[in-house]
Each structure stands twice: as C-alpha cells, then as structure tokens.
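The values are calculated or read from the model by the stated rules, or taken from the named source; none is laboratory data. Note that the structure is predicted; figures quoted are calculated from it, not measured. Note that each Cβ is placed from the backbone with ideal geometry, even for glycine, and that neighbours are counted across all protein chains shown. These area figures cover heavy atoms from the full protein model, side chains too; ligands, DNA and RNA do not enter into them. Shrake-Rupley method; radii C 1.70, N 1.55, O 1.52, S 1.80 Å.
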Amino acid sequence: MNKGGNSRKRPPPPSSHQPSPALKHQATTPTPPPPSTEEDFVDEDVFFDETLMGEEDVESLILRDFEERQALASRLSKWARPPLSDAYISQSRSIVFQQLEIDYVIGESHKNLLPDSSCQAAIIRIFGVTGEGHSVCCLVHGFEPYFYISCPPGMGPDDISHFHQTLEGRMKEMNRNSKVPKFVRRIELVQKRSIMYYQQQKSQPFLKIVVALPTMVATCRGILDRGIQIDGLGMKSFITYESNVLFALRFMIDCNIVGGNWIEIPAGKYKKTAKNMSYCQLEFDCLYSDLISHAPEGEFSKMAPFRILSFDIECAGRKGHFPEPSQDPVIQVANLVTLQGEDQPFIRNVMTLKSCSPIVGVDVMSFDTEKEVLLAWREFIREVDPDIIIGYNICKFDLPYLIERAQTLGIAEFPILGRIRNSRVRVKDTTFSSRQYGTRESKEVTVEGRVQFDLLQAMQRDYKLSSYSLNSVSAHFLSEQKEDVHHSIISDLQNGNAETRRRLAVYCLKGIGEGILLWASNPSLVEVYLLSEDAYLPQRLLDKLMYVYNYVEMARVTGVPISFLLSRGQSIKVLSQLLRKSKQKNLVIPNVKQAGSEQGTFEGATVLEAKAGFYEKPIATLDFASLYPSIMMAYNLCYCTLVTPEDVRKLNLPPECVNRTPSGETFVKPELQKGILPEILEELLAARKRAKADLKEAKDPLEKAVLDGRQLALKVSANSVYGFTGATVGQLPCLEISSSVTSYGRQMIEHTKKLVEDKFTVLGGYEHNAEVIYGDTDSVMVQFGVSDVEAAMNLGREAAEHISGTFTKPIKLEFEKVYYPYLLISKKRYAGLFWTNPQKFDKMDTKGIETVRRDNCLLVKNLVTECLHKILIDRDIPGAVQYVKNTISDLLMNRMDLSLLVITKGLTKTGDDYEVKAAHVELAERMRKISVVVAFF
DNA sequence: TCTAACTCCTAC
DNA sequence: TTAGGTAGGAGTTAGA
C-alpha cells in the first residue's frame, strides 16, 4: 500500500473499453490516453492478470491500480531530467554531448539522408548526455562495414568486377535465406601497406571490400580464407586485413571517436527522428560524415552531469538456501541516484513489499504485491533515465534475479529497462578466461544505452584482496564496516511488521547483508555468497577510488568504449591504439590465423642469483624506468621494422641501418622506418609526463582526479604493449618482438651488475667493493659497503647516472630507494625497511613472503609480520625466536583462536563452527618451517 | 623417500 | 570469437 496513498479519492473511472491508463512521464491529469502505444498494450497485460483474481474485484482493482499508478507517477516525475530549452526544440543549435556508449542496429537506411540507398543497413547508435544533462540518442547513418585483402598482382578493373561477382555469388550461397539484394556493396582498389615486416616500397594495391551488414564481414572472410576461384589465377585463398574489428569500434576509429569523448553535430546537420525509438530527450538522425569528434582536451576534458544509479535488491530466501528467482520473492529494492561531480545523491528511495515505517531522508514506497514493486522499479528507471548503473555484483546477481523473477511471475513488460522502446533486456551466460583474471563465469545483461559498472567486477580486476565481500572491501577502502544482517533473519524481518521491515530497508540502503565466505583449500573454489547487497557503499567506493574518472580516462587514452574496460581483456586496448595509429600511417593489420601452440613460448627476464642473508648495511636499489617500453623505443622494435630472415639476406641492408637484437632478430633503425609501437609508446609516455606536470599545478580536486586517472591509464597502457606482442593467443602476436625485448633486458641487467661491481671498488678509489646481492628483471640491489643510508643514497645516484650514460636513449637507470636493514630469503622473497630520505624510513616493505600471500591462514601471516617487525624495526632477534616458540606452544596446547586458522589447507569454516582436520599437527609443521626462517640468525 | 609434474600465487 | 608475458618459490600429488 502506498505510504502516500492514504487519501483514497476515486478518480473518474476509465471507460470500460479502455485499459487502465499508462503511467506517463508527466502525469498530471487522469485522462486515459488512446490505447495505441506500446505502454498501453503493456498495461493490458496487467489488466488481464488481475482479472484472474475474481470477477467482483475487477472494478476496484482497476481503480486501485489506476490510482496507485497516478500517485507513483507524480512521485517519480519530480526526478525527471531538466526540460529541453527552445533552442533544442527548434533545432536551431548544435548538439554537443559526451558519449558513453555506442552500438548498432540493423534498420532501413534513412531516405532523406541517404537518398541513394534503400535497403537494410547498420545504424550506429550513440548514447550520451549534454552539458545541461539532457539524454541523447544519436542515430548515425551511412557508415559501412568493410575489410581489406591484398590485391593479387596484375588485377585490373575488369578482374575486380569479375571477382566482385564471384564473391557475391558465394555470399548468396552462404546466405540463401537472406533477402538482402546485394551482399558485397563494392570493391575499391586502394593503396595500403601491411603492418607486418619492413618493406621498402611505400604501398601496394589492396582491395577494400565493403559489405552490406557488419555480420557479413565474418562470412566473407570465411570464404576468402578457404579460397575462391579467380579467373586466370585458379583457386586462391586470401589473408584478410582488419576483418576482426568490431563494427562499433571500426566506426569509432574511422571517426576519431574515443571512449567517453564529446561529440558535436552542427545545427542543420541533424534531423529529429520521425518516430522516437528511444526514451532519450534528444533523438535524431545524422550522417556519419557530419559528426565532429572533439579530442578530450581543454574544455572537452570535462565530464557531463551523468546520472548514476546505485541499486541493491533484497530477497526473502528460505532458511539455509541461497535465494532462487523461481521461488523466492524480491522484497526490497533500494536506489540512490547521484549526479556526476556531486558528492551527495539527489534521490534516495526504497521500494518495499508490504508496509514499511518511514526512514529519515529516504522516500519509502510500499506495495502490496511483488509485481507492483518490480513495475514501480521499472517506471523509476524510465523516469530517472540513469546513464550509468552501478551496484555490487549486479551483473551476476541483482539484474538477472530481477529479470528471472519477473519471468517467474509472468510480468512480460518488466524487462524494458534500457533506453530503447519495446526492447527487452537480454541475459546471457558468459565466461571470461585469462591467465591474468582466471576463469570467471558471469552473466551479460544488455541494458541498451546505459553503462553498467559492477563494483565487484572492478574490484576483482583492479585489486588483489583476500575477500571481495562488500563488507570487507568497504572495510579495506572506506575504513568502515556495517553491522551484518544474518541471512537467516532476513525473512523474519520481512515477515514481521512495518518496523522490522524498516530495519531491513535501512540495512538494504546503508548496511551490508551477510556475506558468507567459503574458503576451500583451492582458492579458485572460493565463492562469495552475498545475500544482500547495498546501494550506498558502491557509490562511496566509486567516489573514493575515482572510478568514473579513471575509467573514462582509460577509455579516452586507449580509444575503446567504456563498457569494454570491464567486459574485455587488456589486448583490445592495445589493438585499438594500434589500429588508430596504423590508419594514420596508411598501414593495415592482418588477421593472423590462430597459430596453435607450435609457436610455443619465449625466454623471459633474468632474475639474478639471490645472495640470501640478513644485511645490516644499507642496500641501494637501482631500477630501469619503464624497462620494456624504453627498450622498444630505443631499438625501434615494431611489426613494421622487423626484417624477415629472407629479407636480411636479400635486401643487403647496411649494418649501420639495422639493429640485431641479442635474440638474433633484425629490426631497421628509425631512419629507414619509424616503428608504430615506439611511436605509440612515446606518445603515451610524453602524455603521462604532461599529465604528471599538470597534476602538480592543478588546484581543483576534480581536475586533479582527472589528471591522476589519466597518468595512471597512460602508464598501464604503455606497459601492456609488450604483453600484447607476446600474447600467442592474441590478435597480433609477434614473438620476434617480445623475445627481442626480453633479450635486451637480460643483457642490460647483466651489464649493470658488471658495471657496478667493476667501477665501485677499492681499486677504483672507493671505500669498499660494491656487491650486487640480488636483482630481478629491471632492478639491481647493491651493497656499496657504506653503513649510513645517506652515503648509500649518494653512491646509488652516482651509479645510476654513470650507468644510464652507457645505454641508448631513452633507456634510463634510476636510483629509487635504499633497504636498511634488508632480509633476503631467496629469489622473489625479501623484506626490509624502505628509505627514500635519510632521516626516516618510509615503511616496512615485504615481497613474496607469507605476509603478502593470500593462501595462508591469518595466524601464519600475523606471526611472520610480527617476527619481521621484531627483526627489522625492533632489531630484537631473540624476541622474534621467542615469539615463534610461544606461538607454537599455544597452538599445541590448543590455546589458539581458531578463526586465525581459517584459510589453511584442511580447515573450512562451516556456519559458525570450524572443522579442524588434524590441524594442530599440520600447523605445527608449518610453524616449524617458519622457525627455519628465524633460525637464519 | 625421492622426484617429476602439477597448482597457486607472487615479482617484475 | 575471446583470452597481456615469463620466472620462480612453496606446496601437493602420483608413482616408483
């Protein structure tokens, strides 16, 4: 029952032939509209469902339904977007908006804009927000899908025409059912060059094959891959170029659009759509050639006032069961809407099943049936029209749950949550598998025109944490933790009274539901069950971690749509940059066949032998800055500078024009051909330098946030270029490049070690002989023999400067820090106090040891941390030994808090009990090993 | 009891 | 139709 519905005045009854009126955006009068729109049709369903409840109730149900919808409508309408000004309505001004999402649909091409074509075509849809906060759906016409093949030598215009006919015929065979009049629209002869290998000629003839619809690119590629009959040449198969570029990305690249940038369509160049297909305030058609894409700089680096919805649902699960949409009702939906750039939400509400006592500052909307709750939420989404939807685990839980629940309840009209009229949200199971992120099953929920940002996914990608429950993530980042609601009492609270449901609503809005963390011996089996999520904390996390800025900047730097950043891997970002740069240089990128595993793997970096020990003299650390990017720049390593072994023999290139890498590959120097990868890297690193300089100058916290997000994105982006070339199952692997990079790296670390030990000697006039005690990939740890930190720092700086001079620019060795004292256990395992100024140490730094690993129980972690503290900071080794002994003794005497033992092999938390399987024996064994570390001394 | 092959997680 | 890389320590498991 509506909280505001206590005035039960009857509206004029609707005429008997018309269904109950739809909820309109600006509901002011109760006059029912004609039953012609989709919304009215939808309401007819509602009418039918409820008639099943009993004939005599029908009229009162209609009336009540009508009245409540009116009340809801007036409640929701105050949250609508700002109304359009006259200039927009008269179409006398240009439309400038920040784009957040781009996709495409197949439709009739626009007759006025494209008078020549009258068939089905891809229509690009750009969704975004203007500076004033108006929502935009821009329908772009005239952009066609295409790809390239290299043109067989001697092919003239007639041959191309024949080839076109043959290809068209094969396409027809493959698509017998399709009514498309023409599959291959045209074939153009163009001058391009493949990005692969150094070539002396500037360009060669290529054929640009333009097809009718985006999906035909793959079909056509298949035909050309397998081979096609060509007059005079016989059966011939082709390598295709850029045939794997997603259509929307192709469009963005060709129009110079990067993720999240501003787009302008001048007045007169757009036409209001005849029949709105979206719920956006501004919807119009235009030609792709009329778009102006603004680079994200200056005034166009700002953010539009997006509407960000954070939501969370609560379900009444049966005792001991995880809620299932086929059985368990949705009892609450909590919502929070914030304008981008503001620190407080402008909407806070909660929709509850059954009555709920008021909550200060929150709009409580109560309903008698679950169906009303769901439909109210749908209306809310439509009215508020959020650009970004966030939440915790919404992609895998909340959104699919709502949709499946609506299916169970037979509410066919519920899943129209996107910006496209009549278009239902689709749920698809997906799996994402990579070495970096592991295999993760999720669900893909397409909400057209709105960006989804699941904070859980973002956390799992960006941070290594031992638990990803909202509770523990909040504790980690926000230093606040809310009281848990145990899952078993959710149903009790719901089944109580208005007051207990209020308690539940407060939890739903602000608190955190119970998260049961099951740690199995195999951490990949770890499952986090979050029975109730939360609407408030995701928004706080989003703000605290500056996710909007960081992700928009990442999209701008790499050029991919924002949605790719959470749904796709690293390599698409590099590919996007590579395609953009290649286009500028008139180069095209081949589709390499999946080479299988025969290419195998390549040798990586050198890890210097660790001279294990406890060092009580300062250890200076020298690091190469951005090692792999700088190697690629210094030696011009790229696809287009690599000389094939055959060409090395044939071309007879003078030795001063090429570099031969330690792994035996040959690359030409920039004078002959400047590499694209080095150029991308130079731009990224130069941009990062600028961003960091601007960051220093910036006063405004928002500007700072943008700049910091940018410099971070630029760094991450530069570092992933090398990985892209070595990804054998990627888009364009080139192990010649990656193995050359690592081979230079290996040479450099050895060279550095030798130089330090040769120069800093007593014979060379220094006080002591320097010794390199360890080094990994891009760093060397040096004991100069001096005993004070400042002296070690000075020698470190001197060494870095001296050694940098011996390398090709921009390779640079830097002095970074001193460890004092330093405990080196083995390769990749060490601890020490970290000094960047000689007055005081910055922190205790530990690498690779139990303290930083997530596969030990808390006891081990705490014990080792405590020992290291005693050894490094207190310098009390006997104390550390005693501490270990006491702990083992406590353990054996069964005096240990069992919760410290969770997460260890053989120990599982089941409910409130710990199942202890021979734990004491096992842990005593573990402790013995740790005491070995202490016995070091 | 030893070892090879595997898993897991980390360093870079 | 979608996925950055290798090195390496520590633990587990299977088999002899």
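Yes/no matrix, rows are residues, columns are (1) within 16 Å of DNA strand B (Cβ to nearest atom); (2) within 30 Å of A:Gly222 (Cβ to Cβ):
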{"position": "A:Ile589", "(1), (2)": "no, yes"}
{"position": "A:Gly604", "(1), (2)": "yes, no"}
{"position": "A:Leu622", "(1), (2)": "yes, no"}
{"position": "A:Leu627", "(1), (2)": "yes, no"}
{"position": "A:Ala634", "(1), (2)": "no, no"}
{"position": "A:Tyr639", "(1), (2)": "no, yes"}
{"position": "A:Thr644", "(1), (2)": "no, yes"}
{"position": "A:Leu651", "(1), (2)": "no, no"}
{"position": "A:Pro655", "(1), (2)": "no, no"}
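Looking across the range A:752-769 at every residue that is surrounded by fewer than 23 Cβ atoms within 10 Å (Cβ to Cβ) and in a helix (DSSP H, G or I), the one that is nearest to the chain's Cα centre (by Cα) is identified as A:Lys753. Against the criterion of being open to solvent by less than 60 Å² (accessible area, probe 1.4 Å), at pLDDT below 95 and touching a Ser or Thr at 6+ places or on another chain (Cβ under 6 Å), A:Gly730 qualifies.
For every residue, the table says whether it meets (1) more than 16 Å from DNA strand C (Cβ to nearest atom); (2) farther than 19 Å from A:Val782 by Cα.
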| residue | (1), (2) |
| --- | --- |
| A:Pro821 | yes, no |
| A:Arg829 | no, no |
| A:Phe834 | yes, no |
| A:Pro838 | yes, no |
| A:Glu850 | no, yes |
| A:Val860 | no, yes |
| A:Leu868 | no, yes |
| A:Asp876 | yes, yes |
| A:Tyr883 | yes, yes |
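Report yes if A:Glu703 is modelled with pLDDT of 95 or more and away from DNA strand C (no atom under 13 Å from the Cβ), otherwise no. Here the answer is no, as A:Glu703 does not meet what is asked.
Would you say A:Val721 is crowded, with 21+ Cβ neighbours inside 10 Å and away from DNA strand C (no atom under 12 Å from the Cβ)? Against the criterion (crowded, with 21+ Cβ neighbours inside 10 Å and away from DNA strand C (no atom under 12 Å from the Cβ)), A:Val721 does not qualify.
For residues that are in contact (Cβ under 8 Å) with a residue 60 or more places away in the chain and within 15 Å of DNA strand B (Cβ to nearest atom), scanning just the range A:831-852, find the one that is surrounded by the most Cβ atoms within 10 Å (Cβ to Cβ). Looking at residues that are in contact (Cβ under 8 Å) with a residue 60 or more places away in the chain and within 15 Å of DNA strand B (Cβ to nearest atom), I get A:Gly832. Listed by position, the strands (runs of 3 or more DSSP E) enclosed by the range A:612-660 that each have at least 1 residues that are more than 30 Å from A:Asp845 (Cα to Cα) are A:658-660. Of the residues making up the range A:398-416, those that are in contact with an Asp or Glu (Cβ under 7 Å, 6 or more places away or on another chain) and either assigned to a helix (DSSP H, G or I) or polar (S, T, N, Q) (or both) are A:Asp398, A:Leu409.
Set side by side, the residues A:Ile737, A:Ile749 differ, and just one is open to solvent by less than 30 Å² (accessible area, probe 1.4 Å), away from DNA strand B (no atom under 16 Å from the Cβ) and at negative phi, which is A:Ile737.
Select from the range A:349-384 the residues that are under 33 Å from the mean Cα position of the chain (by Cα), buried (at least 21 other Cβ atoms within 10 Å of the Cβ) and either part of a strand (DSSP E or B) or at positive phi (or both) and list them in ascending order. Matches in the range A:349-384: A:Asn349, A:Val350, A:Met351, A:Thr352. For A:Ser92, the stated conditions do not hold, so it cannot be described as at pLDDT below 90, open to solvent by 50 Å² or more (accessible area, probe 1.4 Å) and not assigned by TED's automatic domain parsing to the domain that holds A:Glu242. For the range A:152-164, the count of residues that are of a type outside the set (Val, Ile, Thr), outside the structural domain of A:Thr215 (by TED's automatic domain parsing) and either part of a strand (DSSP E or B) or open to solvent by less than 10 Å² (accessible area, probe 1.4 Å) (or both) is zero.
Got a number for residues in the range A:606-661 being in contact (Cβ under 8 Å) with a residue 60 or more places away in the chain and among the basic types (Lys, Arg)? Reasoning before the result, please.
In the first step, residues of the range A:606-661 are kept if they are in contact (Cβ under 8 Å) with a residue 60 or more places away in the chain; the result is A:606-635, A:637-644, A:647, A:651, A:661.
Those still in the list that are among the basic types (Lys, Arg) too: A:611, A:617.
Total meeting the criteria: 2.
Scanning the range A:339-348 for residues that are at pLDDT below 95 and part of a strand (DSSP E or B) gives A:Ile347, A:Arg348.
With the condition kept exactly as written, say whether any residue in the range A:728-751 is under 24 Å from the mean Cα position of the chain (by Cα) and either part of a helix (DSSP H, G or I) or among the hydroxyl-bearing types (Ser, Thr, Tyr) (or both). Explain how you work it out, then say what you get.
Taking the range A:728-751 first, the residues under 24 Å from the mean Cα position of the chain (by Cα) are A:728-733.
Now drop any that are not either part of a helix (DSSP H, G or I) or among the hydroxyl-bearing types (Ser, Thr, Tyr) (or both), which leaves A:728.
So far as the range A:728-751 goes, yes, one or more of its residues are under 24 Å from the mean Cα position of the chain (by Cα) and either part of a helix (DSSP H, G or I) or among the hydroxyl-bearing types (Ser, Thr, Tyr) (or both).
Would you say A:Leu795 is open to solvent by less than 40 Å² (accessible area, probe 1.4 Å), closer than 24 Å to A:Ile873 by Cβ and either within 13 Å of DNA strand C (Cβ to nearest atom) or not in a loop (DSSP other than H, G, I, E, B) (or both)? No. Could you tell me which residue of the range A:417-445 is farthest from DNA strand C (Cβ to nearest atom), considering only residues that are in a strand (DSSP E or B) and in contact with a Gly (Cβ under 7 Å, 6 or more places away or on another chain)? The qualifying residue farthest from DNA strand C (Cβ to nearest atom) is A:Ile420.
Let's see how each residue does on (1) over 26 Å from the mean Cα position of the chain (by Cα); (2) open to solvent by 60 Å² or more (accessible area, probe 1.4 Å):
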residue: A:Asp231; (1), (2): yes, yes
residue: A:Lys236; (1), (2): yes, yes
residue: A:Ser243; (1), (2): no, no
residue: A:Phe247; (1), (2): no, no
residue: A:Asn256; (1), (2): no, yes
residue: A:Ile263; (1), (2): no, no
residue: A:Ala267; (1), (2): yes, no
residue: A:Tyr279; (1), (2): yes, no
residue: A:Ser293; (1), (2): no, no
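In the range A:545-605, counting only helices (runs of 4 or more DSSP H) that sit wholly within it, the ones holding 2 or more residues that are closer than 29 Å to A:Gly745 by Cα and small (Gly, Ala, Ser) span A:571-584.
From the list A:Glu527, A:Glu514, A:Glu533, A:Glu499, pick out the single residue that is away from DNA strand C (no atom under 16 Å from the Cβ), surrounded by fewer than 17 Cβ atoms within 10 Å (Cβ to Cβ), under 17 Å from A:Val473 (Cβ atoms) and modelled with pLDDT under 90. Steps first, please.
Numbers: A:Glu514 fails: surrounded by fewer than 17 Cβ atoms within 10 Å (Cβ to Cβ); A:Glu533 fails: surrounded by fewer than 17 Cβ atoms within 10 Å (Cβ to Cβ); A:Glu499 fails: under 17 Å from A:Val473 (Cβ atoms).
From the options A:Glu527, A:Glu514, A:Glu533, A:Glu499, the qualifying one is A:Glu527.
Being more than 11 Å from DNA strand C (Cβ to nearest atom), over 15 Å from A:Gly260 (Cα atoms), surrounded by fewer than 17 Cβ atoms within 10 Å (Cβ to Cβ) and not assigned by TED's automatic domain parsing to the domain that holds A:Asp343, is that true of even one residue in the range A:587-594? Checked against the condition, which is being more than 11 Å from DNA strand C (Cβ to nearest atom), over 15 Å from A:Gly260 (Cα atoms), surrounded by fewer than 17 Cβ atoms within 10 Å (Cβ to Cβ) and not assigned by TED's automatic domain parsing to the domain that holds A:Asp343, the range A:587-594 yields no hits at all. Which ones in the range A:853-891 are surrounded by 18 or more Cβ atoms within 10 Å (Cβ to Cβ) and not in a helix (DSSP H, G or I)? Across the range A:853-891, the qualifying residues are A:Asn856, A:Cys857.
In the set A:Ala686, A:Ala770, which member is more than 22 Å from A:Ala634 (Cβ to Cβ) and free of Cβ contacts under 8 Å to residues at least 60 places away in the same chain?
Working: A:Ala686 fails: more than 22 Å from A:Ala634 (Cβ to Cβ).
When all the criteria are applied, what remains is A:Ala770.
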